[in-house]
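Chemist: Okay, handing you the structure first.
The values are calculated or read from the model by the stated rules, or taken from the named source; none is laboratory data. Just so we're clear, the structure is a prediction, and the values are computed from it rather than from any experiment. Reconstructed Cβ throughout: ideal geometry from the backbone, glycine too, with neighbour counts over all protein chains shown.
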């Protein structure tokens with residue numbers, strides 16, 4: 001993970017995450033694949049913790065994802081464990097992969113005295129290689145001994161693969177005069193595309209909330225956060241978002257509690273942007289706003305076509321205000337468009353309107369905007385009021401370097 | 001165009017194309033954008049020539065494409081002209097773009113004494129910049145003077161943009177004891193994706209064939225040739241395939257003439273493969289065969305998901321037999337798949353079957369195959385008998401170089 005320099009788009013520092021009462025974290029260097037770094041993290045959650053989850057829609061999803069998915073919504077009285085390893089995704093590993101999940105979850109259940117039905121595992125890393133689950137199992141007693149309510153920052157490090165920085169976000173809010181905390185961590189920088197959370201994300205709160213309410217919020221907000229980012233249009237077989245609400249604050253919230261909703265959405269948006277900011281080889285953080293589409297779904301189709309176009313992404317890498325490629329991407333997206341009603345701006349600069357280059361536009365203006373590390377592309381289709389915003393990064397030599405050499 | 005070296009996947013030499021009686025070609029350096037090279041080509045076709053066309057489905061298609069499309073199927077008694085320029089695509093140029101097409105076609109009609117309804121123009125190059133059509137018009141008399149039935153090879157050079165080699169293919173066949181010739185040229189190396197011909201292609205034959213029969217054949221064969229290739233998943237606003245049958249051989253064929261069908265299909269397949277072989281930055285020519293899908297359409301969806309995946313394409317660039325990324329691409333394609341019925345082979349080597357790495361597979365075997373310049377990936381889904389084959393290339397540093405720097 002130290003092979004590539006910290007992304008130039010990374011936040012200045014990892015945030016100071018609040019303690020979430022009822023959740024304890026441990027990390028360890030189990031040597032599943034990587035050497036000289038932590039690669040396993042465990043979270044112990046108190047009895048009564050509600051857990052919600054959103055998972056990849058890939059039809060080749062991994063054994064741990066299938067296991068996790070099946071466990072969402074179970075009884076909460078016995079507490080729960082989340083166990084994550086980096087280095088091997090245990091994806092496309094056949095029956096042996098299922099056996100690995102069973103071996104790990106039953107060992108965790110024994111050692112942590114928690115029902116296997118409340119043991120949630122995730123694995124991230126190489127696809128299709130046998131999982132050395134015995135190394136994870138051998139680390140469980142050590143992990144148990146290290147559990148600490150201050151361990152979340154170390155946990156964010158332990159789940160990294162090609163990430164160049166650990167990702168965290170938090171909120172502390174007031175609900176009827178009482179304090180509620182939210183803290184989340186994420187990993188992900190490649191194989192990122194918008195069909196579910198597209199990475200590993202773990203969010204914790206000390207709020208007390210029904211599982212069904214928590215699931216509603218997490219599912220809804222995933223659509224406008226993690227499902228609106230893309231690095232390379234590729235969708236992982238392992239994507240998992242788990243959210244745990246321990247209730248340890250004693251403060252009850254529901255899916256209607258505005259302060260909680262807003263804070264959770266902000267934490268999810270922040271984490272999703274950090275994943276784009278750590279997009280493999282990224283030098284530019286790009287926001288794409290589409291308005292005036294026939295409806296919101298069509299707006300998102302256009303926005304994603306722009307965000308996933310290799311020609312748009314390489315133009316951004318080359319700091320070229322090549323709005324012609326934006327036109328091309330709109331044309332191929334499959335959603336409705338009228339060439340002669342299109343208008344496009346880069347930042348505040350209108351580059352094209354009414355189907356042609358804007359008469360006031362000068363190339364120097366566009367070029368100046370493209371030099372910025374953060375770029376906004378606005379497209380108005382002039383058809384109706386559908387809109388969408390998605391986030392992506394540029395496509396650079398470093399992306400090729402990382403991915404032409406990942407396994408060797 | 002001399003900026004990048006000739007693709008390592010290029011054919012050894014441009015083929016010797018047969019003369020197509022009834023078709024005369026001219027090329028000229030009109031200086032539309034490029035300096036020091038030919039950039040305009042004209043074809044004069046005898047009265048009686050049938051013309052068929054297939055065009056981009058982009059919703060932002062260019063003014064010349066819209067004009068061309070509208071003219072397909074018109075009366076053939078007056079002959080026809082095809083005029084093509086490189087350097088400027090006259091796409092997304094608003095009303096001025098339409099005026100440019102009108103100016104060029106009416107000037108051609110005057111000088112060549114051909115109805116404007118039989119003047120077909122194509123433009124390829126940068127999107128959204130004003131077209132200097134006066135430079136094309138100024139070259140028309142010169143082009144007229146250069147018309148030559150041996151000029152097709154020079155024409156193939158004149159239409160190049162980022163191409164590193166000119167593309168030609170031909171067939172000479174026997175139809176009931178008489179000779180029929182087919183000769184085609186193409187350009188294209190980036191913005192190549194499967195939603196119509198995705199480039200410029202001009203094919204000529206001296207066979208006599210009804211326009212509707214010719215259109216049937218060209219449309220059908222486009223689906224299994226040009227619509228089965230992809231370089232970067234991006235679809236041009238200007239893609240055009242025109243086929244002209246002069247009838248000058250006196251040999252009548254129909255859409256049922258097997259020798260003609262087969263030869264035309266082969267010429268189209270050859271040209272489409274040459275476009276992939278000149279894919280921007282390509283070092284590997286990749287054939288992807290999908291079998292065992294629920295139906296042919298789903299097989300093509302899977303094949304294209306593999307062919308367009310940046311992670312698969314960078315793995316191929318890195319000569320990494322990373323079949324896990326093939327699994328990933330199948331999982332995200334949206335078409336039906338059962339992880340545990342999948343089998344994958346690279347060339348003759350079975351790498352994965354029954355949802356996991358093949359017990360006989362050794363990494364050195366896969367690595368050896370990946371070193372070849374031509375690679376075949378076979379995927380069997382084990383569901384039913386749907387199948388498809390598509391062709392693509394790898395994603396390399398040179399693609400980034402070319403496209404991060406195209407306009408400057």
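Chemist: From the residues in the stretch A:301-312 that are farther than 13 Å from residue A:286 by Cβ and within 20 Å of the chain's Cα centre (by Cα), which one is surrounded by the most Cβ atoms within 10 Å (Cβ to Cβ)?
Modeler: A:305
Chemist: Out of B:351, B:327, report the one residue that is at pLDDT 90 or above, more than 30 Å from residue A:315 (Cβ to Cβ) and surrounded by 24 or more Cβ atoms within 10 Å (Cβ to Cβ).
Modeler: Sole residue among the options that is at pLDDT 90 or above, more than 30 Å from residue A:315 (Cβ to Cβ) and surrounded by 24 or more Cβ atoms within 10 Å (Cβ to Cβ): B:351.
Chemist: Can you report the number of residues in the stretch A:78-114 which are surrounded by fewer than 24 Cβ atoms within 10 Å (Cβ to Cβ) and out of contact with any helix residue (DSSP H, G or I) (no Cβ under 6 Å at 6 or more places or on another chain)?
Modeler: Total meeting the criteria: 11.
Chemist: Mind listing just one residue for me: the one in the stretch A:313-332 that is within 24 Å of the chain's Cα centre (by Cα) and at the interface with another protein chain (Cβ under 8 Å from one of its Cβ atoms) and, of those, farthest from residue B:311 (Cα to Cα)?
Modeler: By that ranking, first place goes to A:317.
Chemist: Answer yes if at least one residue in the stretch A:163-173 is at pLDDT 90 or above and over 18 Å from the mean Cα position of the chain (by Cα), and no otherwise.
Modeler: yes
Chemist: Another question, then. Quick test for you: out of A:164, A:124, A:142, pick the one residue that is within 14 Å of another protein chain (Cβ to nearest Cβ) and touching a residue at least 40 places away in the same chain (Cβ under 8 Å).
Modeler: So the residue among A:164, A:124, A:142 that is within 14 Å of another protein chain (Cβ to nearest Cβ) and touching a residue at least 40 places away in the same chain (Cβ under 8 Å) is A:124.
Chemist: When you go through (1) under 25 Å from residue B:221 (Cα atoms); (2) free of Cβ contacts under 8 Å to residues at least 40 places away in the same chain one by one for residue B:17, which number turns out not to apply?
Modeler: For residue B:17, the exception is condition (2).
Chemist: So residue A:216 clears everything in (1) in a helix (DSSP H, G or I); (2) surrounded by fewer than 24 Cβ atoms within 10 Å (Cβ to Cβ); (3) touching a strand residue (DSSP E or B) at 6+ places or on another chain (Cβ under 6 Å) except one condition, right? Which one?
Modeler: (3)
Chemist: Kindly evaluate residue A:148 against the criterion of being surrounded by fewer than 20 Cβ atoms within 10 Å (Cβ to Cβ) and either touching a strand residue (DSSP E or B) at 6+ places or on another chain (Cβ under 6 Å) or closer than 16 Å to residue A:38 by Cα (or both).
Modeler: In short, yes.
Chemist: As an exercise: evaluate residue B:292 against (1) outside the structural domain of residue B:333 (by TED's automatic domain parsing); (2) over 30 Å from residue B:128 (Cβ atoms); (3) modelled with pLDDT of 80 or more and give the number of the one condition it does not meet.
Modeler: Of the numbered conditions (1) outside the structural domain of residue B:333 (by TED's automatic domain parsing); (2) over 30 Å from residue B:128 (Cβ atoms); (3) modelled with pLDDT of 80 or more, the odd one out for residue B:292 is (1).
Chemist: State the number of residues belonging to the stretch B:370-397 that are buried (at least 19 other Cβ atoms within 10 Å of the Cβ), within 11 Å of chain A (Cβ to nearest Cβ) and within 30 Å of residue A:320 (Cα to Cα).
Modeler: The number of residues fulfilling the criteria is 3.
Chemist: Of everything in the stretch B:337-369, what is touching a helix residue (DSSP H, G or I) at 6+ places or on another chain (Cβ under 7 Å), over 13 Å from residue A:60 (Cβ atoms) and within 11 Å of chain A (Cβ to nearest Cβ)? Give them in sequence order.
Modeler: B:351, B:354
Chemist: Still on this structure, I have one more. Do you know which residues across the stretch A:309-345 are in contact with a strand residue (DSSP E or B) (Cβ under 6 Å, 6 or more places away or on another chain) and under 24 Å from residue A:295 (Cα atoms)?
Modeler: Those that are in contact with a strand residue (DSSP E or B) (Cβ under 6 Å, 6 or more places away or on another chain) and under 24 Å from residue A:295 (Cα atoms): A:323, A:326, A:343, A:344, A:345.
Chemist: Now for a different question. In the stretch B:272-293, which residue that is under 19 Å from residue B:377 (Cα atoms) and in a loop (DSSP other than H, G, I, E, B) is nearest to the chain's Cα centre (by Cα)?
Modeler: Going through the qualifying residues, I end up with B:279.
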